[in-house]
Amino acid sequence: MEVALVYVVEDDQNIREIETFALRNTGYEVEDFAYAKEFYEGLGRRRPDVILLDIMLPDADGLEVVEKLRAEAGVRRIPIILVTAKTSELDKVKGLDIGADDYMTKPFGVLELISRVKALLRRSGRLVEKQLQIGGVCLDEERREVTVDGARCALTYKEYELLKLLMNHAGIVAPRDFILERVWGTDYEGESRTLDMHVKTLRQKLGEAGAMVRTVRNVGYMFGR
């Protein structure tokens, strides 16, 4: 499957580096720009699959950049996520009204960023993930089946969803609250001990590969070697 290309347009170097690192670590190809001028030059060379655009750039207004892109036939369908420190509802509505596909307010977590980018890629048809393969563990979305070194691994519904979430964010720590919300639902009120028990049984069922489900003390879990 062709790797998706993400353009990160952000003048704050620290934020730009964090966003770029997180997206590359997830498996995307990333080009980053500090100025709108550089970004336009990049568009002339290659067309990205999604654009992460800061609303306040040194040489341009992000909203004007969106309007310009939506007026040009060759790039008007590229998904755009606006990123800004502005928090007013009016700013958000204006950004979406002029053609942005999503909106994120600083500060935001790395996992939220990855989930938003992935959701836009899926929605635009630029990302169709049928299989996740890490080490000997293969998760097949179409068959809803997990194999370890080619042997089928029978998981419960929650174990499967837990593994899928961790593999989708491989190499990045998933906080306990984030996992509980995504796998058990926003209205889940049970003890987080439930998560620990599912991690334990998941590790057991994965056999030696279960060591890739790693505990990050006082934070959560991550999948990786």
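The values are calculated or read from the model by the stated rules, or taken from the named source; none is laboratory data. Because the structure is a prediction, the values reported are computed rather than measured. Positions of Cβ are generated from backbone atoms using ideal geometry, with glycine treated the same way; all protein chains shown enter the neighbour counts. For accessibility, only protein heavy atoms count, side chains too; no ligands or nucleic acids. Shrake-Rupley method; radii C 1.70, N 1.55, O 1.52, S 1.80 Å.
Table for the structure above
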read-out	value
With all protein chains modelled, accessible area of V93 [1.4 Å, Å²]	60
Length added when fully stretched, D177-R193, from 0.36 nm per residue minus Cα-Cα	4.6 nm
Portion, in percent, of the accessible area of the chain that falls on carbon or sulfur, probe 1.4 Å	47
Nearest 10 degrees, 0 to 90: helix 110-123 Cα axis against the chain principal axis	80
Degrees between helix 193-206 axis and first principal axis of the chain (Cα, 0 to 90, nearest 10)	70
Percentage relative contact order, the stretch 3-158, counting C-alpha pairs under 8 Å, at least six apart	17
Unit charges at the beta carbon, dipole of the chain: most positive-side option, I78, M212, A170	M212
Cα pair distances of the chain binned at 10 Å [whole percent]	7, 30, 31, 20, 10, 1
Along principal axes, Cα extents of the stretch 1-57, largest first, whole Å	33, 25, 13
Lysines with Cα under 27 Å of K37, excluding same-chain neighbours fewer than 8 positions away	K68, K86, K92, K94, K106, K118
Estimated [θ] at 222 nm from DSSP helical runs (n ≥ 4, -39500 (n - 2.57)) normalised by residues in the chain, nearest 500	-11500 deg cm²/dmol
For E145, residues with placed amide H under 5 Å, excluding near neighbours	D140
Estimated distance in nm for a label pair at Y157 and R122, the labels positioned 7 Å out from Cα along Cα-to-Cβ	1.7
Per residue, in Å², the accessible surface of the chain once ligands and nucleic acids are set aside, probe 1.4 Å	53
Virtual paramagnetic centre 7 Å along Cα→Cβ of L96, amide N under 19 Å, in the stretch 65-79	66-67, 70, 78-79
Distance in nm between pseudo-label sites at I15 and E29 (7 Å out along the Cβ direction from Cα)	2.7
Antiparallel bridges, percent of DSSP beta bridges restricted to the chain (to nearest 5)	55
Bridge type composition, the stretch 1-117 - antiparallel percent by DSSP, nearest 5	10
